[in-house]
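Novice: Quick one: the structure is below, questions incoming.
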Amino acid sequence: MYEGPVQDLIDELGKMPGVGPKSAQRIAFHLLGVEPPEVERLIKALQRVRDGVQFCTMCGTVSDKELCRICADPRRDRSIICVVEEPKDVQAVERTREFKGRYHVLGGALDPLNGVGPDQLRIRELLIRLGNQDDGVDVAEVIIATDPNTEGEATATYLVRTMRDFPGLSITRLASGLPMGGDLEYADELTLGRALTGRRPLRGM
């Protein structure tokens, strides 16, 4: 244990996902050793995230405006929506350069043991998007790109059941190539690109 502010900083850094006690300690002592202007830049970046970042009113990803750059881009295909769990998954799919449609961020996955049910996710907002036209364009396909783990599969199953009554709507799931139990965020571009290209329809779920 260190004294005062140093230990406070280590404790706060240790609360971040993926940062253990040793990593938190290394980051804290790194910050102690850098020049004051670098620390000020970090402080300002954190303040901008806190004060300036919001969620896109259409898809739910992080943005500095009411609409994110993808939803505001008229070149994106309005007839296809890719449903992901978190904003980081949007960037994972974008890195493949295979997808030209738009996104819908659920804000997580179904996890009843931890109190995450349908009402805690942005499922209702997705259904509203499916029921409304976007500049006269109907949604023709929904790609379910939830993580290939237990929670992601449960979420995909629930979404299929919820959306199957929309007439003419094609519901697909990312194809094989993604490891079971993994996170979309850590998939490499080639694997994720092949999964998008070979996506399969979901029936009878």
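Novice: May I ask which residue of Gly115, Gly33, Gln91 lies farthest towards the positive end of the charge dipole of the chain, with charges of +1 (Lys, Arg) and -1 (Asp, Glu) on Cβ and the Cα centre as origin?
Specialist: With unit charges placed on the Cβ atoms, the residue in question is Gln91.
Novice: Residue farthest toward the positive end of the dipole of segment 1-130, with Cβ of Lys/Arg at +1 and Asp/Glu at -1: which of Leu9, Ile70, Ile43?
Specialist: Final value for the positive-end residue is Ile70.
Novice: Starting from 0.36 nm per residue, how many nanometres of slack lie between Ala154 and Asp11 once their C-alpha separation is accounted for?
Specialist: Between Ala154 and Asp11, full extension yields 48.0 nm more.
Novice: Over segment 97-177, what lengths in whole Å, largest first, do the semi-axes of the equivalent ellipsoid take, defined as the square roots of 5 times the eigenvalues of the alpha-carbon gyration tensor?
Specialist: Sorted largest first and rounded, they come to 22, 16, 12 Å.
Novice: I'd like the orientation of helix 150-163 relative to the chain: the angle between its Cα long axis and the longest Cα principal axis, in ° from 0 to 90, rounded to 10.
Specialist: 40
Novice: For the chain, which whole percent of the accessible surface, found with a 1.4 angstrom probe, sits on carbon and sulfur atoms?
Specialist: Answer for the chain is 53 percent, counting heavy atoms of protein chains only.
Novice: Roll a 1.4 Å probe over the protein chains and send me the accessible area per residue for the chain in Å².
Specialist: 61
Novice: How much length is gained if the chain between Val137 and Glu3 is pulled fully straight, taking 0.36 nm per residue apart and subtracting their Cα-Cα distance, in nm to one decimal?
Specialist: That pair, Val137 and Glu3, stretches by 42.2 nm at full extension.
Novice: Which peptide among 7-16, 33-42 comes first, and what is the full order, when sorted by highest mean count of other Cβ atoms within 10 Å?
Specialist: Result, highest mean Cβ count within 10 Å first: 7-16, 33-42.
Novice: In a GNM of the chain with a 10 Å cut-off on Cα contacts, which of Leu31, Leu174, Leu190 has the highest mean-square fluctuation?
Specialist: Leu31
Novice: So how tilted is helix 4-14 from the main axis of the chain? Cα-based, degrees 0 to 90, rounded to 10.
Specialist: 20
Novice: Thr162 to Gln47: FRET efficiency via 1/(1 + (r/R0)^6), r the Cβ-Cβ distance, R0 30 Å, to the nearest 0.05?
Specialist: The calculated FRET efficiency here is 0.15.
Novice: Still on this structure, please answer the following. Go ahead and set up a Gaussian network model of the chain, Cα springs under 10 Å, then flag whichever of Asn132, Asn114, Asn149 fluctuates most.
Specialist: Comparing Asn132, Asn114, Asn149 in the GNM, the peak value goes to Asn114.
Novice: Considering only DSSP beta bridges with both partners in the chain, what is the antiparallel share in %, to the nearest 5?
Specialist: Counting only bridges with both partners in the chain, antiparallel ones make up about 35 percent.
Novice: Take every Cα pair under 8 Å in the chain that's 6+ residues apart, average their separations, divide by the length, and report that relative contact order as a whole percent.
Specialist: 16
Novice: Does anyone have the angle between helix 36-52 and the longest principal axis of the chain? Alpha-carbon axes, 0 to 90°, nearest 10?
Specialist: Tilt relative to the chain: about 30 degrees.
Novice: With +1 on each Lys and Arg Cβ and -1 on each Asp and Glu Cβ, how big is the dipole of segment 17-175 about its Cα centre, in debye rounded to the nearest 20?
Specialist: 280
The values are calculated or read from the model by the stated rules, or taken from the named source; none is laboratory data. Computed from a predicted model, the values in this text were never measured in an experiment. Quick reminder, even Gly has a Cβ in these numbers, built from the backbone with ideal geometry, and neighbours come from all protein chains shown. Just the protein is used for accessible areas: all its heavy atoms, side chains included, with ligands, DNA and RNA removed. Shrake-Rupley method; radii C 1.70, N 1.55, O 1.52, S 1.80 Å.
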